[in-house]
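Below: the structure, in structure tokens.
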Amino acid sequence: MINRRMPAPTDPGQEGPPLVTYAETAMGTVFSLTLVPGGLPGRGLRSVLGAACATLHRADAVFSTWDRQSPVSRLRRGEALLGDLPPEVAEVAAECQAARRASGGWFDPWAMPGGFDPTGLVKGWAVERALAVLRRSGIAAAMVNGGGDLAAFGSPAPGRRWRVGIRHPWRADALAGIIEVGAAVATSGCYERGPHLIDPATGLASGRAASATVTGPSLAMADALATAVAVGGDDALAAVGRVGGYAAYLIRPDGSETGTGGITFVS
Amino acid sequence: MKRAAWYLVAGTVAGFAGVVVFHSRATPAAQPAAAGTGGAGPAQTGQAGPSAGSSPASQPSQPARSSPASAGGPAHSAAGATEQFGYGKLAVKVTVSGSRVVNVAVPVLRTLDPTSQQISDQAIPMLKSQVLAADGAQINGVSGATFTSQAYVNSVQAALDKLHLK
């Protein structure tokens, strides 16, 4: 079950380096890049942020299912084969296959209406790409939040881990819990954009979860598994519980909660 | 109507955000003890979310209880406006002592139909403790279902981003 402990009293005098946040619109949502700049000067910082954001726009251009001329749209229509397309498409398709296996089939981009649709994984994948740019640049620590799916490295302050609130499914201004994140956390649900989560078995919208959160080493995989649990509810949660390194937290439609273990709530 | 009872305590602490969040889906059970900020940040004393609205707070479905962790100073209460939520309407009564939320009660709960009433009966108690425990917590980001760029504007993540924007 879920391990909740009382929050430690906050320390208003906590020392830490200043954080810098940059928000970028891409893929129909907003990406927030939070950095501990370390010794990087302002100009270097802007250049690094620009490079990180460029990877997001590149992912948008390649994987947009709204843009009818995007490589993934051409793949969906059968106008192109994987080998004809930018190499990222094959890379994401391979990750989708791994996620389909890991999720016990609850995440299945090949079973979506309209053809192969990696949307449930590709935003997490794009966040990881942007984060890798920041990591390579020598920045001390960073977290990238792609519209609610986050990946991070380093520490926001000495001795601290990145802390992430899980949005409350029925209240945009409240949290259902707070966790500490070492690498990645993704949450899926229908409260922001309506019933878009399709059950691969039926082809219909699924209503078995109000909110599904998955943590683990890879955000692409966590994103896909969160989609799986949002679609498959308790059944998918059990599948995720068997995936090494990953943990899940489910809020059911009736508001009750369950989890795989492995997620420690600080509150 | 996104305007609900929440505080953002923008920490003066270097590079870290203290966010105090609470919401209306709460029953008046015991407050987690001493989860407060210890007066960190710009305290908003006795100000409890939306000013008194349409809620007839005189007839609470369950009586409000004060916190076991008496935070010192006089406690103030305010009933929020009745708000639409997923399964009906509810209003919240928040008690603040000093800078700390010491109790959240739901004096009014009107649901749309009997099914919703059942859902609400289950959902509100189950989710109560989490919301109260967010009091005084510090977060760097919010994980949730993908918001649109329009919805981002009113998100807690956007509020966090503003703290560090250069």
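Every read-out reported here was derived from the displayed coordinates using simple, explicitly stated rules and does not represent laboratory data. Keep in mind it's a predicted model, so treat the numbers as computed, not measured. Here the Cβ is made from the backbone with ideal geometry for all residues, glycine too, and neighbour counts use every protein chain on show.
See the values below:
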item: Residue of A:ALA99, A:ALA51, A:ALA130 that the Gaussian network model of chain A assigns the largest fluctuation, springs spanning Cα pairs under 10 Å; result: A:ALA51
item: Residue with peak Gaussian network fluctuation, chain A [Cα springs, cutoff 10 Å], from A:THR119, A:THR21, A:THR187; result: A:THR21
item: Fewest-first sequence of A:LEU81, A:LEU131, A:LEU219, A:LEU49 by Cβ atoms within 10 Å of each Cβ; result: A:LEU81, A:LEU49, A:LEU131, A:LEU219
item: Simple spin-label estimate for A:ASP235 and A:THR258 in nanometres, 7 Å along Cα-Cβ; result: 1.3 nm
item: FRET E, pair A:TRP66, A:ARG101, Förster distance 41 Å, beta-carbon r, rounded to 0.05; result: 0.90
item: Taking A:LEU134, A:LEU197 and counting other C-beta atoms within 10 Å, the order from fewest to most; result: A:LEU197, A:LEU134
item: Where N is the number of residues in the range A:88-203, Cα Rg divided by 2.2 N^0.38 Å; result: 1.20
item: Under 10 Å, Cβ to Cβ, from A:ASP234 - net charge with Lys/Arg +1 and Asp/Glu -1; result: +1
item: Surrounding net charge for A:TYR191, when Lys and Arg each add one and Asp and Glu each subtract one, Cβ distance under 10 Å; result: +2
item: Value in Å of the Kirkwood radius, where the range A:32-156 supplies the Cα pairs that are averaged; result: 15.6 Å
item: Linear extension gain, A:ALA132 paired with A:ASP199, 0.36 nm per residue minus alpha-carbon span; result: 20.9 nm
item: Cα-based Kirkwood hydrodynamic radius, the range A:73-127, one decimal, Å; result: 11.5 Å
item: Of A:CYS190, A:CYS53, A:CYS96, the one that fluctuates the most in a GNM where chain A has Cα springs shorter than 10 Å; result: A:CYS190
item: Relative packing of A:36-44, A:150-158, A:221-229, which averages over residues the other C-beta atoms within 10 Å, highest first; result: A:221-229, A:150-158, A:36-44
item: Histogram of C-alpha separations across chain A, 10 Å bin width, %; result: 7, 30, 35, 21, 6, 1
item: Inter-label distance for A:TRP110 and A:THR25, nm, one decimal - labels placed 7 Å from Cα along Cα-to-Cβ; result: 3.7 nm
item: Inter-label distance for B:ALA158 and A:ARG242, nm, one decimal - labels placed 7 Å from Cα along Cα-to-Cβ; result: 4.3 nm
